[in-house]
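The values are calculated or read from the model by the stated rules, or taken from the named source; none is laboratory data. As the structure is a prediction and not an experimental result, all values here were calculated from the model. Cβ placement follows ideal geometry from the backbone for every residue including glycine, while neighbour counts extend to all protein chains displayed.
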Amino acid sequence: MHVYDTVLDAIGKTPLIRLHKVTRGIKTPVYAKMENLNPGGSVKDRIGLAMIEAAEQRGELKPGGVIVEGTSGNTGVGLAMAAALKGYRCIFTIPDKMSIEKIRLLRAFGAEVIVVPTAVPPDHPEYYINKAKSIVAATPGAILANQHFNPANPEAHYRTTGPEIWDQTDGKVTHFVCSPGTGGTVSGVGRYLKEKNPGVRVVAGDPMGSIYADYAATHQKGDGFPYKVEGIGGDKIPTALHFDVIDEWITVSDADSFRMARRLTREEGLFVGGSTGLNVVSALEVARRVDDPDACVVTILCDTGERYLSKVYDDDWMRENQMLPQERVTADTLLQGRPAGMPPLVSLGAGASVRQALNLMSTYGISEVPVIDGTDCVGLLSEGPLMAQALENGKLLDGPVSEAMGPPCPVVDAHLPLERLTTLLSREQPAALVRREGQLVGIVTRYDVLRQVAGIR
């Protein structure tokens, strides 16, 4: 039988896969290590177990003890999973920007979760790490996991993740790309790979708002600003982050990170979080620059997308935070936005009467009706001029529309952008017919454009 004794034995040994669709047009192969397949769902499973075992070996963590940590969620899961088997109690402080899924997951493992404000400076007593320290001081038998400053953190990746990547690539890895949170993964893996081959380049991605990239360039601790990617970057300098291992830094926006996470899910079948999106954006930038099919770029899939259903994978949240790309509005878009029950194209033949035209306008609440002969527009009936003519000459009502219609309206392609469409429409030319694949499929008016601009649905 080939079985594991406990779930802790299943940590690590994660697969390495090649990315295909998001790398279209890039010669350099990009590979992703699927740390989201760890039993706790993230790369932090490795350090959760390692930090507990190191504390046990030092005699700091005793039976019935309490593990306390300030965490973005994933380290807490790794700690809580190991603690469940070993019989320890867990208390976690977590910033309020973290997803509700992470908070609920920690509580599912039996941990006590204390949510603290994100927007406080690192020296504030409610800052999540300071809050954790105060809990340790007040709790008998408690230890602080202290992932940002715990040498067991990078050491775990030096002993496990680094060798796995080296073996999985047959020693051919040329670039390792990873965004640091605590810094343990990039430091431990980077150190191992450079010891095996000093030519390996280690590249760190950093969220806009984090201080890491600026600190690496200036050696001065500056002021960051809030950002929404979880678990990476920082506003303090951790000792688990070994700057000397990193050759290059790349800064990535929240929007680019989240959009890439969604692309990885929809195009590669990889359900991942925003930090993974940042890793892959950075890895693709490196791969484009390298432009060598014989190179080998490796990055990390940090965690599972299930922890971000209320954020990254919620369209409303993405729109509210201006993370989705601006939709390209076309003539077709305007047609799709017309009221329910409205036919896409209300028209008349040249032999129809003016009275019929007015009845159509009244029935559908429209102001323009094109006159169609075969596949061509031969004229346009507009409500204002038509009513004026009918009031002046009542006999016109029963006459053919050909006697009352104005010049034909322009015909535009369904893909015509809104900004070009607006230049065609005017008081004198209030409507345009829309053609899709050679067929007239609808009419758009100045009113439709106004509704779109005003956001009326």
Quiz item: What number of residues within the range 403-418 are outside any strand (DSSP E or B), touching a strand residue (DSSP E or B) at 6+ places or on another chain (Cβ under 7 Å) and within 17 Å of G349 (Cβ to Cβ)?
Solution: 4
Quiz item: How many residues, within the range 275-315, are part of a strand (DSSP E or B) and surrounded by fewer than 24 Cβ atoms within 10 Å (Cβ to Cβ)?
Solution: 1
Self-check item: Failed condition for L270, given (1) surrounded by fewer than 19 Cβ atoms within 10 Å (Cβ to Cβ); (2) part of a loop (DSSP other than H, G, I, E, B); (3) not small (G, A, S)
Solution: (1)
Quiz prompt | Evaluation of L416 against (1) among the aliphatic types (A, V, I, L, M); (2) touching a helix residue (DSSP H, G or I) at 6+ places or on another chain (Cβ under 7 Å); (3) over 19 Å from G337 (Cβ atoms) (one fails), failing number | solution = (3)
Quiz prompt | Residues that are surrounded by 20 or more Cβ atoms within 10 Å (Cβ to Cβ) and among the aromatic types (F, W, Y), drawn from the range 228-248 | solution = none
Quiz item: How do the pairs read when you match residues in the range 38-52 that are among the hydroxyl-bearing types (S, T, Y) with residues anywhere that are at pLDDT below 95, using Cβ under 6 Å and keeping only pairs 6 or more apart or on different chains?
Solution: S42/N74
Self-check item: Meets criteria (among the aromatic types (F, W, Y) and under 23 Å from A55 (Cα atoms)) for F176
Solution: no
Quiz item: Name the residues in the range 282-328 that are under 24 Å from G162 (Cβ atoms), of a type in the set (D, E) and within 16 Å of the chain's Cα centre (by Cα), would you?
Solution: D303
Quiz prompt | the range 164-200: number of residues that are among the hydroxyl-bearing types (S, T, Y) and surrounded by fewer than 23 Cβ atoms within 10 Å (Cβ to Cβ) | solution = 2
Exercise. Identify the single condition in (1) free of Cβ contacts under 8 Å to residues at least 24 places away in the same chain; (2) in contact with a Lys or Arg (Cβ under 8 Å, 6 or more places away or on another chain) that A83 does not satisfy, given that it satisfies every other one.
Key: (1)
Exercise. Filter the range 235-266 for residues that are of a type outside the set (V, I, T), in a loop (DSSP other than H, G, I, E, B) and either within 13 Å of V280 (Cα to Cα) or without any contact (Cβ under 8 Å) to a residue 60 or more places away in the chain (or both) and give the result.
Key: D247, S253
Quiz prompt | Criterion: touching a residue at least 12 places away in the same chain (Cβ under 8 Å), farther than 22 Å from A357 by Cα and either under 37 Å from the mean Cα position of the chain (by Cα) or in a strand (DSSP E or B) (or both) - qualifying residue of L421, L433 | solution = L421
